[in-house]
Structures are given as structure tokens and as C-alpha cells.
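Enquirer: Here it is: the structure, laid out below.
Read-outs: derived from the displayed coordinates by stated rules, not from any lab. These numbers come from a predicted model, not from an experiment. Ideal geometry is used to build each Cβ from the backbone, glycine not excepted, and the neighbour counts take in all protein chains shown.
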Amino acid sequence: MMMMSLKIIAGKFKGRPIQTVTSNAVRPTSGRVRQSLLDSLGAEIIQATVLDGFAGSGIIGMECLSRGASSVLAVEKEVAHVRKIQTNANALGLSADAYRLVNRKLEQVLSGKNPLVQPFTLVYLDPPYSFAGWEGIMQRLLTPEWVTVGTAVLLEHGTKEPALVQWQEACKSTHPWLVLERELAYGDTLIAWYRVVAESVR
């Protein structure tokens, strides 16, 4: 089993190494993208409740905790990756209250009760490129169980994602209270930055 090492970029865990398993199932967000994205979020991370929906290496959630988030729910279906994420979380001294790791498919988690009880204020979804399940995931996610007024929903994807484009077009009429604030481009990586607006989830 091959391993690769990442580093937390900023905050109280700055410079700490994060080991991850290399596989086709995980494509860690690059350091450049992570830094730009998290810098853009700025103070919005402070005391945020974060859903890292396709955790992979787990580093996005750990970066958020490093920068002051209050709690993270990390969801990852691959057992090997979950074991390595837990090892890294233990090395950082993260409690189960601060960093809750769930070894299930995101669709399954979103079909049940929110383990953190309160809605998330920051959602980050980074599935494998060419992911075909956007519609089902977003239908389950965009409910009062999971998001609330002001929640930032960030979707990382490739430049050509037919299933995502289809959902984005449908979303304009099915979820008019979810507003696309901006799109961030980093080479072949794009991040669609949505916001749940005031007249949204009831």
C-alpha cells in the first residue's frame, strides 16, 4: 500500500504532517487550492460546524479545525482511508466531539439523522471527478436537518461534469434559495461556492 504525506497549511496545527493512502478513490485537494480556498473563507471558519462529505485524506476538515472550526463531521466510505484518517486525528489529539468520523457512503448518512444534531454552517463536497450522484446527494443535503440560513456549500469538481451541470440548471427552479455566489478556478479544478440565503430552508 502506497502512502503520501500532506501538511496542514495554517492555524494551530500548521506544518503537521497528514499521511494518506494513495488510490484511485482519493484525489487530495492540492496545497495551493486548500490555502486559497480556506483563506477565502477567512473568519467564516471560526466556530463553524463543518461537513466534509467525501473526506478522502481528511485534511480539509483538519485544516478547518486548525483554523478555529468548532466541529467536523467527516464521511468516508473507504475503510483503508478511514483507518488512516483516524490515525492522523489521534496524532493531532482531536477528540471525537471535535472530529467525528463516519465510515459510510454519504448518501446513507444524509438519509438519516444528523450525528451532530445542529445544521452545518459549512459544507465541503469533493467527490471523485465525473461523479454521477450529485442530484441524489444534494436532494438529501438541502434540508433543515443538514443546512440552515447562511450555510456555505462548496462543491469541488472537474471542468467537465455533466451530472453537476444538469443539477445546477435544475437547482435554479427547485432550490431558488440556494444562490451561487462565486466560482473559483484552479487549473482543472473548479469550486462552486453556494450560499443558503435568508428566505430559504423552512
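Enquirer: Under a 10 Å cutoff between Cα atoms, tell me which one of GLU63, GLU135, GLU76 has the largest fluctuation in the Gaussian network model of the chain.
Expert: With Cα springs under 10 Å in the chain, the top fluctuation among GLU63, GLU135, GLU76 is at GLU135.
Enquirer: Among PRO119, PRO144, PRO127, which one shows the biggest mean-square fluctuation in a GNM of the chain, springs joining Cα atoms closer than 10 Å?
Expert: Result: PRO144 has the largest fluctuation of those listed.
Enquirer: Calculate, for ARG16 and LEU180, the FRET efficiency according to 1/(1 + (r/R0)^6) with r their C-beta to C-beta distance and R0 45 Å; round to the nearest 0.05.
Expert: Efficiency at R0 = 45 Å is approximately 0.85.
Enquirer: Within region 79-131, list the trypsin sites (Lys or Arg not before Pro) lying in a DSSP loop whose Cβ has at most 12 other Cβ atoms in a 10 Å radius.
Expert: Here the sparse-neighbourhood loop sites are LYS113.
Enquirer: For the chain, what size does the Cα cloud have along each of its three principal axes, sorted from largest down, in whole Å?
Expert: 45, 33, 31
Enquirer: For LYS105, give me every one of the aspartates and glutamates with a C-alpha distance below 17 angstrom, ignoring sequence neighbours fewer than eight places off in its own chain.
Expert: Hits, sequence-local ones excluded: ASP52, GLU76, GLU78, ASP126, GLU135.
Enquirer: To the nearest 20 Debye, how big is the dipole of the chain about its Cα centre, given +1 on the beta carbon of each Lys and Arg and -1 on that of each Asp and Glu?
Expert: 560
Enquirer: Taking the chain as a Gaussian network, Cα atoms linked when under 10 Å apart, which of SER57, SER66, SER95 shows the biggest mean-square fluctuation?
Expert: SER95
Enquirer: On to the next question. Which of rounded, prolate, oblate describes region 1-90, given a ≥ b ≥ c as roots of the alpha-carbon gyration tensor eigenvalues and a/c under 1.5 marking rounded, otherwise prolate only if a/b is larger than b/c?
Expert: prolate
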